[in-house]
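These notes are about the structure you will find just below.
The values are calculated or read from the model by the stated rules, or taken from the named source; none is laboratory data. Source: prediction; values computed, not measured. Reconstructed Cβ throughout: ideal geometry from the backbone, glycine too, with neighbour counts over all protein chains shown.
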Amino acid sequence: MEHGSITDVRSSTFSLMDEDHTLANSVRFTLNQDPRVEFCGYSIPHPSENRVNIRVQTTGDPAKEVFKDALQNLLVMSQHVRTTFDRAVQDYRAQPHNTIGSDGRL
């Protein structure tokens, strides 16, 4: 859910339900890498709520578009990490491994 101003599209707060520090900090990091972002931060209103508020202020572009771009960039980064990890697991499993025999020797 977006909480923003109708007159100033450069600033908005986005509320994400059922999320915590894990996603919020990743989104904040990604947003802060974007030169269009003037300010970005997040808060959790109350520890018992599974909700985070992410505040975005831009240099001129609509905050909603910058937020969407950051989420897309985060998705691409996550996919890259997953692909790299899966390849490393496949490579490891494909290697011949020394095993300890019944006599205790390699």
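Within the option set 61, 34, 69, being among the acidic types (Asp, Glu), out of contact with any Cys (no Cβ under 8 Å at 6 or more places or on another chain), in contact (Cβ under 8 Å) with a residue 40 or more places away in the chain and farther than 15 Å from residue 3 by Cα holds for one residue only, 61.
Where in the stretch 1-76 are there strands (runs of 3 or more DSSP E), lying fully within it, with 1 or more residues that are among the basic types (Lys, Arg) and either in contact with an Asp or Glu (Cβ under 6 Å, 6 or more places away or on another chain) or at pLDDT below 95 (or both)?
The qualifying strands (runs of 3 or more DSSP E) are 51-58.
Taken together, the residues in the stretch 32-55 that are under 18 Å from residue 77 (Cβ atoms) and touching a Phe, Trp or Tyr at 6+ places or on another chain (Cβ under 7 Å) amount to 1. For the stretch 6-18, the condition of being out of contact with any Phe, Trp or Tyr (no Cβ under 9 Å at 6 or more places or on another chain), loosely packed, with under 12 Cβ neighbours inside 10 Å, of a type outside the set (D, E, K, R) and over 16 Å from residue 71 (Cα atoms) holds for at least one residue.
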